Amino acid sequence: MSTQLNSKIPAGPLGDKWSSYKEDVKLVNPNNKRKFKVIVVGTGLAGASAAATLAELGYQVDAFTFHDSPRRAHSIAAQGGINAAKNYQGDGDSVHRLFHDTIKGGDFRAREANVHRLAEVSVNIIDQMVAQGVPFAREYGGLLDNRSFGGAQVSRTFYARGQTGQQLLLGAYQQLARQIGLGGVRLFNRTELVDVVTVEGRAAGIVVRDLTTGEVTSHAAHAVVLATGGYGNAFFLSTNAMSCNVTAAWRAHRKGAYFANPCYTQIHPTCIPQSDEFQSKLTLMSESLRNDGRVWVPKNPDEKRGAAEIPEEDRDYYLERLYPSYGNLAPRDISSRAAKRAVDKGLGVGPLKNGVYLDFADAIARLGKDVVKERYGNLFDMYERIAGENPYDMPMRMYPASHYTMGGLWVDYELMTSIPGLYAAGEANFSDHGANRLGASALMQGLADGYFVLPYTIGNYLAPMLNKAIPSVDHPEFKAAELAARERFTGYLNIGGTRSPDWFHREVGKIIWDYCGMERTEQGLEKALSELPALYDEFKKDLRVTGSGESLNQTLEKAGRVDDFFQLGMLMCRDALERQESCGGHFRSEYQTEEGEALRDDDKFCHVAAWEWSGDPMTAKRNVEELEFENVHLATRSYK
Amino acid sequence: MSNHLKDIILKIWRQNGPQDSGHFETYKVDEISDEASFLEMLDYLNEQLITDGKEAIVFDHDCREGICGTCSLMINGQAHGPERSTATCQLHMRKFSSGAEIVIEPWRAAAFPIIKDLMVDRSAFDRIIESGGFITSITGGAPDANLIPIPKPVADSAMDSAECIGCGACVAACPNGAANLFTSAKIAHLNLLPQGQAERYKRAESMIEKMDEYFGSCTNHGECEAACPKEISIDVIALANADYRKAKLKNRKFISRI
């Protein structure tokens with residue numbers, strides 16, 4: 001067991017930990033804040049909110065995004081909503097209940113103290129976003145409206161039509177834009193992180209590549225925040241945006257940051273099924289649809305009739321049957337596996353028999369088409385554009401797809417990685433969702449980290465460093481990292497093989513999906529761990545990148561990202577192999593109850609696996625942080 | 001089941017950097033499923049180009065769900081192509097037929113210089129938002145979210161404007177290269193809400209004047225509304241103009257008092 005994994009959880013009762021932390025935390029005088037520079041990489045919800053708030057406080061902030069504008073970050077694509085324990089509906093919600101639902105939803109594999117803090121600040125997030133002008137949905141009386149999401153028995157989800165992520169991101173982006181206009185933040189757009197640099201064991205800065213010119217440069221700071229999102233694109237086909245990648249987190253991992261629970265990936269139950277081999281990505285349909293849509297498959301695998309012609313007695317509403325108290329709102333991991341089993345049994349629907357129905361006929365009959373349109377209109381339109389079928393007339397077809405990654409850089413209570421001065425926020429860290437994230441909690445966590453956690457915890461690190469100079473970008477560590485980055489990119493151009501980065505991405509993604517996707521086995525994972533290094537060798541010998549390194553080259557960008565996905569894929573499989581239990585999104589076929597539900601092994605695996613780089617992902621060292629549950633009872637998760 | 005389109009001819013703008021003069025190149029896609037999206041067709045073409053040892057065509061894209069606003073493209077002279085209220089990434093090949101000839105160009109506007117091939121620089125949009133497209137609200141000081149009831153029609157109108165994805169189709173479609181729809185959508189979103197009142201006139205003034213530094217003038221053609229993938233109404237331009245006028249008046253009064 002490692003002694004280095006100190007989660008720094010404050011002492012005291014659970015409900016007092018965050019307030020007592022804030023009372024004791026070291027502060028930086030307002031006039032001294034401008035002496036500190038912080039680099040924030042990524043401008044999604046976590047990155048934009050952190051950069052804006054740190055600049056408001058007076059720190060010098062340099063923000064980096066590989067997009068053309070901070071507003072493009074993938075947080076923008078979140079549809080359904082954001083949770084907060086406001087109890088505006090008077091339906092029995094509370095901070096404790098949100099905390100408890102999140103811990104349970106995460107299958108008891110998250111840290112109690114972090115999750116409780118998340119639930120506490122959730123209420124501040126809504127206040128903050130409304131003050132910024134986020135146009136959340138409202139009732140006729142003018143007060144805020146809520147909807148329900150999976151894994152909860154209260155209505156605590158705030159939403160802005162089917163575009164909640166867009167509205168929240170634009171809110172955070174506008175706060176960031178204000179600071180850019182005021183000079184508090186310097187923005188570097190179309191600039192991608194290619195390495196993290198440490199000097200004397202502390203984060204000293206980053207090495208970046210200007211995507212338009214190919215120029216590699218160094219940037220130094222007193223602290224570095226990585227808010228660079230998740231690694232769901234490791235599967236190639238996912239609901240993530242095309243450019244989402246693991247490079248920033250992976251490069252930090254290679255410099256000594258531990259990578260926690262990489263096998264915890266979330267497969268979202270309601271995505272539009274794949275239609276052909278050209279498909280570049282999958283499109284998610286918000287979980288909010290399950291508020292009114294009913295999931296079913298025909299009982300007969302040879303069913304030939306159209307959905308509307310199939311009578312009730314020949315339909316299996318399997319979620320309502322198996323999980324009567326949560327029904328169609330069973331959590332994501334459970335709903336996804338149930339869909340997979342139905343399709344595996346040959347009950348799938350659609351031309352490729354690769355989906356299940358999500359049916360709104362009852363909702364339309366009960367509420368009227370107008371109400372359904374008001375609630376889900378834009379989602380229905382999007383479905384029709386992609387699938388070419390009108391969901392008002394026939395049920396949607398859905399199948400699970402990779403969507404979110406709960407694993408990520410290991411962080412302590414202060415969101416600091418195992419490298420002092422290097423922080424990870426939002427989806428890039430591992431901390432709050434355990435082995436499965438509840439719907440509408442990703443937006444909550446990104447904004448909690450950026451607005452309400454990091455601004456306190458970074459001060460605690462910086463305060464003792466007053467008047468300490470920023471490391472020079474001429475330091476040998478920076479120069480060595482720049483050289484390595486240049487050589488890496490020139491190397492891809494010089495291989496001169498026959499296969500494109502996309503070809504390799506598709507192949508590596510398929511291996512990870514087949515063996516480390518919705519269901520995993522020891523045999524499959526071992527197979528993946530023999531196939532991945534072989535394919536990686538081929539990648540290094542047979543990659544073809546056309547064009548040059550001196551002007552914008554998307555093929556070259558992709559090569560670097562795929563390289564890192566290979567290495568991460570090996571670590572995901574090793575993590576999945578070592579975790580000999582099932583929990584949340586990690587389902588090992590060998591470990592299940594008689595009813596086919598995830599079977600945890602709390603005696604052996606009630607811990608976080610934090611992997612330490614050793615020079616090769618196949619030999620990375622597994623460190624352990626034990627999880628202690630003092631406030632919730634470790635129970636078998638039941639949604640029946 | 002999907003059908004396959006055959007012999008698609010693509011005339012695509014290639015320009016090797018901002019200083020290059022650029023030219024059209026013709027490519028042929030022999031066969032593609034009608035289930036493929038327009039950008040998946042370009043992916044497929046790029047794979048072929050890489051296989052042939054040629055440089056892939058550069059184009060902006062990311063979420064492929066019509067929400068991030070990264071994708072662009074003039075397709076047969078129309079911003080985001082032939083399907084109304086649809087961004088390029090959500091356009092599917094079932095909208096085209098075999099043998100089709102498709103001309104693909106980048107956004108054409110002086111304020112959006114070409115970076116390479118089909119990719120342009122839309123940073124001027126960010127400069128406009130930085131000049132006033134926000135509500136000043138320091139983190140931590142917000143009152144309870146339900147303290148200010150907002151009538152549903154007001155919240156809904158604000159949301160209609162806030163749906164803008166910042167793609168730039170409005171500018172590309174405008175014969176004047178004006179950004180009034182983009183700028184006014186943000187002004188309307190924030191100026192309609194009670195939270196936005198304190199900075200209402202300052203916002204209208206500074207955003208519109210920042211816009212004028214980069215973009216052409218609006219002469220009410222309405223092409224922007226027709227091209228907008230989010231169907232933002234040009235009514236927002238009227239609102240922004242009214243607020244701008246009031247802003248100038250108020251500022252003059254303020255000056256006269258000094």
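Tallying residues that are away from chain B (no Cβ under 14 Å) and of a type outside the set (Val, Ile, Thr) within the stretch A:224-248 yields 7. In the stretch A:521-542, the residues that are in the same structural domain as A:GLN580 (by TED's automatic domain parsing) and closer than 30 Å to A:CYS583 by Cβ reach residues that are in a helix (DSSP H, G or I) and of a type in the set (Ser, Thr, Tyr) with C-beta atoms within less than 7 angstrom, at least six apart or across chains, in these pairs: A:GLY524/A:TYR515; A:LEU525/A:TYR515; A:LYS527/A:TYR515; A:ALA528/A:TYR515.
Take the conditions (1) open to solvent by less than 10 Å² (accessible area, probe 1.4 Å); (2) on the phi > 0 side of the Ramachandran plot; (3) assigned by TED's automatic domain parsing to the domain that holds A:ARG574; A:GLY509 misses just one of them, which is (2). Looking only at residues of the stretch A:192-242 that are of a type in the set (Ser, Thr, Tyr) and crowded, with 24+ Cβ neighbours inside 10 Å, we find that the one that is nearest to the chain's Cα centre (by Cα) is A:TYR231. Scanning the stretch B:138-185 for residues that are among the small types (Gly, Ala, Ser), under 28 Å from A:ASP449 (Cα atoms) and modelled with pLDDT of 95 or more yields B:ALA142, B:ALA145, B:ALA155, B:ALA158, B:ALA162, B:GLY166. Within the stretch B:14-28, the set of residues being in contact (Cβ under 8 Å) with a residue 24 or more places away in the chain and open to solvent by less than 50 Å² (accessible area, probe 1.4 Å) comprises B:ARG14, B:GLN15, B:GLY17, B:GLY22.
Helices (runs of 4 or more DSSP H) fully within the stretch B:119-215 that include at least 2 residues being facing chain A (nearest Cβ under 9 Å): B:123-130, B:152-162, B:180-192. Given (1) farther than 22 Å from A:GLY585 by Cα; (2) of a type outside the set (Lys, Arg); (3) surrounded by fewer than 20 Cβ atoms within 10 Å (Cβ to Cβ); (4) touching a residue at least 40 places away in the same chain (Cβ under 8 Å), where does A:ALA485 come up short, assuming only one miss? Among (1) farther than 22 Å from A:GLY585 by Cα; (2) of a type outside the set (Lys, Arg); (3) surrounded by fewer than 20 Cβ atoms within 10 Å (Cβ to Cβ); (4) touching a residue at least 40 places away in the same chain (Cβ under 8 Å), the lone unmet condition for A:ALA485 is (3). Out of all the residues in the stretch A:167-179, is one or more closer than 16 Å to A:ASN291 by Cα and among the aliphatic types (A, V, I, L, M)? No, the conditions are met nowhere in the stretch A:167-179. Could you tell me whether any residue of the stretch B:168-178 is β-branched (Val, Ile, Thr), surrounded by 18 or more Cβ atoms within 10 Å (Cβ to Cβ) and either farther than 30 Å from B:HIS80 by Cα or in contact (Cβ under 8 Å) with a residue 12 or more places away in the chain (or both)? Yes: the stretch B:168-178 contains one or more residues that are β-branched (Val, Ile, Thr), surrounded by 18 or more Cβ atoms within 10 Å (Cβ to Cβ) and either farther than 30 Å from B:HIS80 by Cα or in contact (Cβ under 8 Å) with a residue 12 or more places away in the chain (or both).
For A:ALA440, the conditions (1) within 20 Å of A:GLY232 (Cα to Cα); (2) at pLDDT 95 or above are fulfilled apart from (2).
Residues in the stretch B:51-77 that are touching a residue at least 60 places away in the same chain (Cβ under 8 Å), farther than 22 Å from A:SER500 by Cβ and at the interface with chain A (Cβ under 9 Å from one of its Cβ atoms): B:GLY66, B:ILE67, B:CYS68, B:GLY69. Kindly establish whether B:PHE112 is in a loop (DSSP other than H, G, I, E, B) and modelled with pLDDT of 95 or more. So B:PHE112 fits the description; yes.
Of all residues in the stretch A:249-265 being open to solvent by 10 Å² or more (accessible area, probe 1.4 Å) and assigned to a helix (DSSP H, G or I), which is nearest to the other protein chains (Cβ to nearest Cβ)? Here the answer is A:ARG251. Inside the stretch A:154-186, residues that are more than 7 Å from chain B (Cβ to nearest Cβ) and without any contact (Cβ under 8 Å) to a residue 12 or more places away in the chain make up a count of 1. Of all residues in the stretch A:20-70, exactly one satisfies the criterion of being within 13 Å of chain B (Cβ to nearest Cβ), touching an Asp or Glu at 6+ places or on another chain (Cβ under 8 Å) and among the charged types (D, E, K, R), namely A:ASP68.
Only one entry in A:PHE99, A:PHE108, A:PHE158 is in contact with a Phe, Trp or Tyr (Cβ under 6 Å, 6 or more places away or on another chain), of a type in the set (A, V, I, L, M, F, W, C), modelled with pLDDT of 95 or more and open to solvent by less than 20 Å² (accessible area, probe 1.4 Å), namely A:PHE158. Within the stretch B:1-49, the residues that satisfy the criterion of being away from every other protein chain (no Cβ under 14 Å) and hydrophobic (A, V, I, L, M, F, W, C) are B:ILE9, B:LEU10, B:ILE12, B:TRP13, B:PHE24.
The helices (runs of 4 or more DSSP H) located wholly in the stretch A:452-562 that include 3 or more residues which are more than 14 Å from chain B (Cβ to nearest Cβ) and under 30 Å from B:ILE114 (Cβ atoms) occupy A:476-495.
The values are calculated or read from the model by the stated rules, or taken from the named source; none is laboratory data. Computed from a predicted structure; not experimentally measured. Here Cβ is always computed from backbone atoms with ideal geometry, including for glycine, and neighbour counts include all displayed protein chains. Keep in mind that these areas ignore ligands, DNA and RNA; they rest on the heavy atoms of the full protein, side chains included. Shrake-Rupley method; radii C 1.70, N 1.55, O 1.52, S 1.80 Å.
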